Amino acid sequence: MTNRHMPIRSMTFRRIPMTVTIESPAAPAAKVATETPSAVIDRVSLVLDAFDGPGRLTLAQIVRRTGLPRSSAHRMLERLVQLRWLRRSGRDYELGMRLVELGSLAVHQDRLHKAAIPMLHELHAATGLVVHLAVLDGSDVVYMEKVGNRMTAAIPTRVGGRQPAHCAAVGKAMLAFAAAEDIQAYDSAQLPRRTKYSISTHAQLRTELQKVRSHGIAFDREESVPGFGCVAAPIGDPGEAAAAVSVCGPMNAMKFDQRLVAPVRMAAMRIWRAVEGGPMRVAPTLQQVRPLRGGMQLA
């Protein structure tokens, strides 16, 4: 009899730790530990990046764009609404005023932008055309300022907006003087076209950038916007391009000669002179200034 009961006592003894393990409060603690501050920041960045484009987004759209679980995305969105980083209208979300305030503050704290503003307005007054100030960020240009009049709305650019650098005059003005490592995205990738006139091959781009290096000026003839052209010049020391300035307008108003080349070049020189006159050299937020390297290495 005793021998028959011993296995039963042994099985009962082994059930005890199993029950304790299942009811242990350690599981929620482990879940919390995975949500480190860096992971939270990454998720916030993912959510905000989903709004890169016009219009509002629903929760379902944000979940599809970010890949976040629906419940996590909803909690994060509601918290961002409380912080004024986002704004909610019914079931739709859009960027909030706090981001507008911070973005405006970041631009106006940039020394390059502050130095350029008077010259941009003077260039607009002298030419009557829309004036852009832009910097290079990878394979895109990012617009830091746009000055114009009633014609401004006809050109689909905005402060903080992007477009492929090889399609824009300001982009070509900077790519021509960029270091090889700054344009690695072009080495094997296809060149997206914005219009039928956009550069679409590396051979075309090499030829175009060589012209920019030779003449110190870049042109856009309906390459980014149908019916519109631009004239741009790099801003920086010889052989460098910290930024670029351009004038843009309808093709029938554009003069791709000294009538526009001269004022654009002069504006670029004056902007850089104003920057160098400050207490320290400018370092644009989106790009490090590097000296000219020997040509571009394109596939």
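Please treat every number below as a calculation from the coordinates, not as lab data. Model, not experiment: these values are computed from the prediction. In this analysis, Cβ positions are derived from the backbone assuming ideal geometry, glycine residues included, and neighbour counts consider all displayed protein chains.
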Quiz item: THR58: net charge of surrounding residues, Cβ under 13 Å, Lys/Arg +1, Asp/Glu -1, itself excluded?
Solution: +4
Exercise. Can you put VAL264, VAL130, VAL231 in order of Cβ neighbours within 10 angstrom, beginning with the fewest?
Key: VAL130, VAL264, VAL231
Practice problem: Using Cα positions and a limit of under 17 Å, work out the lysines in reach of LYS211, with same-chain residues fewer than 8 apart set aside. | Solution: LYS172
Quiz item: For SER224, SER89, what ranking results if the residue with the fewest other Cβ atoms within 10 Å of its Cβ goes first?
Solution: SER89, SER224
Practice problem: Name the long-range amide H neighbours of VAL141: under 5 Å, sequence gap of 5 or more, or other chain; modelled H, no Pro or chain starts. | Solution: GLN163, ALA165
Self-check item: HN-Hα J in Hz across the range 114-124 - Karplus 6.51, -1.76, 1.60, θ = phi - 60°, x for Gly and Pro
Solution: 4, 5, 7, 3, x, 5, 5, 5, 5, 5, 5
Quiz item: In sequence order, what are the phi-derived ³J(HN,Hα) couplings for the range 229-240 according to the Karplus relation 6.51 cos²θ - 1.76 cosθ + 1.60 with θ = phi - 60°, rounded to whole Hz, with x for glycine and proline?
Solution: x, 9, 10, 9, 9, x, 10, x, 5, x, x, 10
